[in-house]
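This report concerns only the one structure given below.
Nothing in this text is a laboratory measurement; each read-out follows from the coordinates by a stated rule. All of these numbers come straight from a predicted model, not from anything done at the bench. Note: ideal-geometry Cβ built from the backbone for every residue, glycine included; neighbour counts use all protein chains shown.
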Amino acid sequence: MPVVDLHVDLSYQYNFKSKDFAASNGQFSIEAVRRGGVSGVVLPLFVPRDASPAGPRVADLERSYLRVDQALLHTPPFAPPGCTAEAAAVRTFYAFEGAGPLADDPEALSVWLKRGLRIVGLVHTFANELASSSGDPESKPFGLTEKGRAFVRRAFSLGLIVDVSHASDRAVDDIVALANEAHGLVVATHSNARALADHPRNLSDAQLRAIAATGGVIGVNFHGPFLVRGRRARLQDVVRHVQHLRSIAGIDHVAIGSDFEGDIRPPDELRDASRFPVLASALERAGFSAAEVRKIFAENALRVLCGVSR
């Protein structure tokens, strides 16, 4: 069964951890990708906070993009960014996971769109010039800044998708409100249900419904602490989150956002991308139809990324 994963941190491992693009940490190696049936992946151009003394810079984003773009050309079966690819290739898409370096230049998004950018995540673990974060040690008195509002409006005007994973609750509310004004798409590329695992990185039921109402999707994250609190996560915990998302947001708004290669601790049964068929089987045993699993594994993601159902 084909899989489109909405969040895999190959760029981070390759650009900042000196890992081989084809092997990485092993969670999304070429071998695992082929065995798992992966047919598409979103690659966030994440720049860590300590990339320079001043934090992430435009130059860091540019360098990350150029290196990954070259790696894709020389690492089959990955295809260049975009919705079209040969049958055996893995389609790729770029995302920002922290767009702070571009806060003063929202018009630059049009350039990035041409480079293959599809999803814009404004913020990572700490607040920046665009938005507050779910990871801020103390709650900020704002969601989006004025620069953040201008940035989101520009993203929606270009047909880009805005990602609320890592955004604070206030920022999520602000992004959804702007999406409703602009008829824009909102996604959470790699977040889970707060009702099942009470973590700031997860989303409330109201937020899940709000994302679905824009036409967006929520990508289930495989990181243990986002799946369950107080013990090691298991395969069944992923199934429970998928069940909850289907119940609250609807089957057309559930996807996969593993967070592989993001230094995560997944359940042993889902230790790498080769194990996607194990999850498919578990979902079918839990009562999901094959058609529903196809939606979760690829079709819903492709609808928002490419405007297609398969």
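Assorted remarks:
- Residue among Leu196, Leu73, Leu43 with the largest mean-square fluctuation in a Gaussian network model of the chain, springs linking Cα atoms under 10 Å: Leu73
- Taken about its Cα centre, the stretch 184-309 carries a charge dipole of about 260 debye when Lys and Arg each add +1 at the Cβ and Asp and Glu each add -1 at the Cβ.
- Counting only DSSP H runs of at least 4 residues, each contributing -39500 (n - 2.57), and dividing by the residue count of the chain, the helix-based mean residue ellipticity at 222 nm comes to -10500 deg cm²/dmol.
- The value obtained for the stretch 25-146, namely the Cα convex hull volume divided by the number of residues, is 130 Å³ per residue.
- Loop-located trypsin sites (Lys or Arg not before Pro) in the stretch 212-255, at most 10 other Cβ atoms within 10 Å (DSSP): Arg231
- A simple charge model with +1 on the Cβ of Lys and Arg, -1 on the Cβ of Asp and Glu and nothing else charged puts the dipole of the chain at about 580 debye relative to its Cα centre.
- Label point of Arg234 set 7 angstrom out along Cα-Cβ; within the stretch 250-269, amide nitrogens under 12 Å from it belong to 268-269.
- Look at the Cα gyration tensor of the stretch 125-203: its axes a ≥ b ≥ c give a/c of at least 1.5 with a/b at or below b/c, and that counts as oblate.
- Ranked list, fewest to most other Cβ atoms within 10 Å of each Cβ, for Tyr94, Tyr65: Tyr65, Tyr94
- Restricting the calculation to Cα atoms, the stretch 250-310 shows an Rg/Rh of 0.99 when the hydrodynamic-style radius is the Kirkwood one.
- Taking the charge dipole of the stretch 3-306 about its Cα centre, with +1 at Lys and Arg Cβ atoms and -1 at Asp and Glu Cβ atoms, the residue from Ala280, Ala87, Ala213 reaching farthest to the positive side is Ala280.
- With at most 14 other Cβ atoms within 10 Å, longest stretch of the chain clear of loop GluC sites (Glu not before Pro) (DSSP): 139-310
- Convex hull projection area averaged over all views, the chain, Cα basis, nm²: 14.0 nm²
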